[in-house]
1. Can you tell me which residue within segment 142-170, out of those that are assigned to a helix (DSSP H, G or I) and out of contact with any strand residue (DSSP E or B) (no Cβ under 6 Å at 6 or more places or on another chain), is nearest to residue 10 (Cα to Cα)?
2. Does residue 302 satisfy the condition of being over 24 Å from residue 61 (Cα atoms) and not assigned by TED's automatic domain parsing to the domain that holds residue 67?
3. Inside segment 1-91, counting only helices (runs of 4 or more DSSP H) that do not spill past its ends, which hold 2 or more residues that are closer than 30 Å to residue 268 by Cα?
4. Given the criteria buried (at least 21 other Cβ atoms within 10 Å of the Cβ), more than 30 Å from residue 125 (Cα to Cα) and touching a residue at least 60 places away in the same chain (Cβ under 8 Å), does residue 97 qualify?
5. Collect the residues in segment 269-291 that are in contact (Cβ under 8 Å) with a residue 60 or more places away in the chain, more than 22 Å from residue 133 (Cα to Cα) and surrounded by fewer than 23 Cβ atoms within 10 Å (Cβ to Cβ), keeping them in residue-number order.
6. Within segment 185-221, how many residues turn out to be out of contact with any strand residue (DSSP E or B) (no Cβ under 9 Å at 6 or more places or on another chain) and either part of a loop (DSSP other than H, G, I, E, B) or closer than 19 Å to residue 118 by Cβ (or both)?
7. Among the listed residues 23, 96, identify the single one that is closer than 21 Å to residue 114 by Cβ and modelled with pLDDT of 95 or more.
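The values are calculated or read from the model by the stated rules, or taken from the named source; none is laboratory data. Since the model is a prediction, treat every value here as computed from it, not as a measurement. Here Cβ is always computed from backbone atoms with ideal geometry, including for glycine, and neighbour counts include all displayed protein chains.
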């Protein structure tokens, strides 16, 4: 398998007004118009206010999905033919729509409902997420979870790469984790305002989503999708559905996803996002793999490798 993989950022890639760059493109505009009809408002206007995206989980999550699908369809309309698609956190919903596994209208409704249900999870004042950053982050994170998790809720929420792992847990557990991480010589970066997703603390939300997930109309995708729950490419709708049911309470396997891209022989990665989020994580695994940031329809398609950028840990703001 040779060609480009497309990766779609999650909530860490949200930026106010970022969708505006795509609105002049017919394929992208059609996605935004369909989403506006589903939601019942002009979503582009909704997302121009930074306070909406900062304080309204529903606005941020729907923006992630719609922007990802809009960018993907714009690039494929120009001739990009991806060989794999993957999304991080809520970006997985965008990847499933982009690949043709699920219809956009159903996913926009589901993500809207999912974001509202997150109010049933512990509030950010009681629980949240933090990034363990530095060499050997995975081993340190697992050790800290084993030690601190005995006295309070704490789990690995996302194995992003060799130098970044996200933890989810109660505030007291995260504070004890900070002491242990710093003692191990690494940094713990708190991700403010984020729900403690991808672990047991959001199990009540996952239970409420069961019926809505069962109603989705699945199709065989045109392009293999790499689910967060297992990090293995597949075109099997049944497997994609199983992984999506586990998505909210399972750790994101993004490091495994990056390895899957390499093992599939992809020659470049196109990240659809306003700012680099996933590209630096992919480069932690594959430093020489060309990564293109697609922030608008004028993005050059990956025919020649771009200049390499440094592979440094970039703490996300948390993925849900």
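1. In this case the residue turns out to be 142.
2. Yes: the conditions hold for residue 302.
3. Counting at least 2 such residues, we get 26-39, 57-77.
4. For residue 97, the condition - buried (at least 21 other Cβ atoms within 10 Å of the Cβ), more than 30 Å from residue 125 (Cα to Cα) and touching a residue at least 60 places away in the same chain (Cβ under 8 Å) - is not met.
5. Across segment 269-291, the qualifying residue is only 274.
6. Matching residues across segment 185-221 total 18.
7. None of the others qualify; the one that does is 96.
Residue-by-condition table, conditions (1) closer than 26 Å to residue 53 by Cβ; (2) not assigned by TED's automatic domain parsing to the domain that holds residue 282:
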position	(1), (2)
115	yes, no
155	no, yes
168	yes, yes
172	no, yes
176	no, yes
